[in-house]
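The values are calculated or read from the model by the stated rules, or taken from the named source; none is laboratory data. Worth saying up front: this structure is predicted, and the values here are computed from it rather than measured. We place every Cβ from the backbone using ideal geometry, glycine too, and count neighbours over all the protein chains shown.
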Ligand SMILES: [Zn+2]
């Protein structure tokens, strides 16, 4: 499984996700970024920084 914590990109945010694929995490992060952080379009740079911080968990 893959895991991503929003706080790794946005200090102070406690949201985190676990999914089987990077793509699913990116979809959930995009929804969260729009709803919570007012980021309505995830740039390539942001997507890359999220991908870079996705960790593999068992
Ligand atoms: Zn967040």
Legend entry - residue 9, sole failed condition from (1) at pLDDT 95 or above; (2) within 16 Å of the ligand (Cβ to nearest atom); (3) surrounded by 14 or more Cβ atoms within 10 Å (Cβ to Cβ): (1)
Inset, instruction - Kindly provide the set of residues from the stretch 14-23 that are within 12 Å of the ligand (Cβ to nearest atom) and outside any loop (DSSP other than H, G, I, E, B), ordered by number. - result: 16, 17
Inset, instruction - Working only within the stretch 24-39, note down all residues that are more than 9 Å from the ligand (Cβ to nearest atom) and either under 10 Å from the mean Cα position of the chain (by Cα) or part of a strand (DSSP E or B) (or both). - result: 24, 25, 26, 27, 28, 30, 31
Legend entry - Subset tally (residues that are loosely packed, with under 10 Cβ neighbours inside 10 Å and closer than 10 Å to residue 30 by Cα) for the stretch 44-58: 0
Inset, instruction - Could you please tell me which pairs satisfy a Cβ distance under 8 Å, a separation of 6+ or placement on different chains, a first residue in the stretch 21-37 that is over 18 Å from residue 11 (Cα atoms) and free of Cβ contacts under 8 Å to residues at least 60 places away in the same chain, and a second residue that is within 11 Å of the ligand (Cβ to nearest atom) and assigned to a loop (DSSP other than H, G, I, E, B)? - result: none
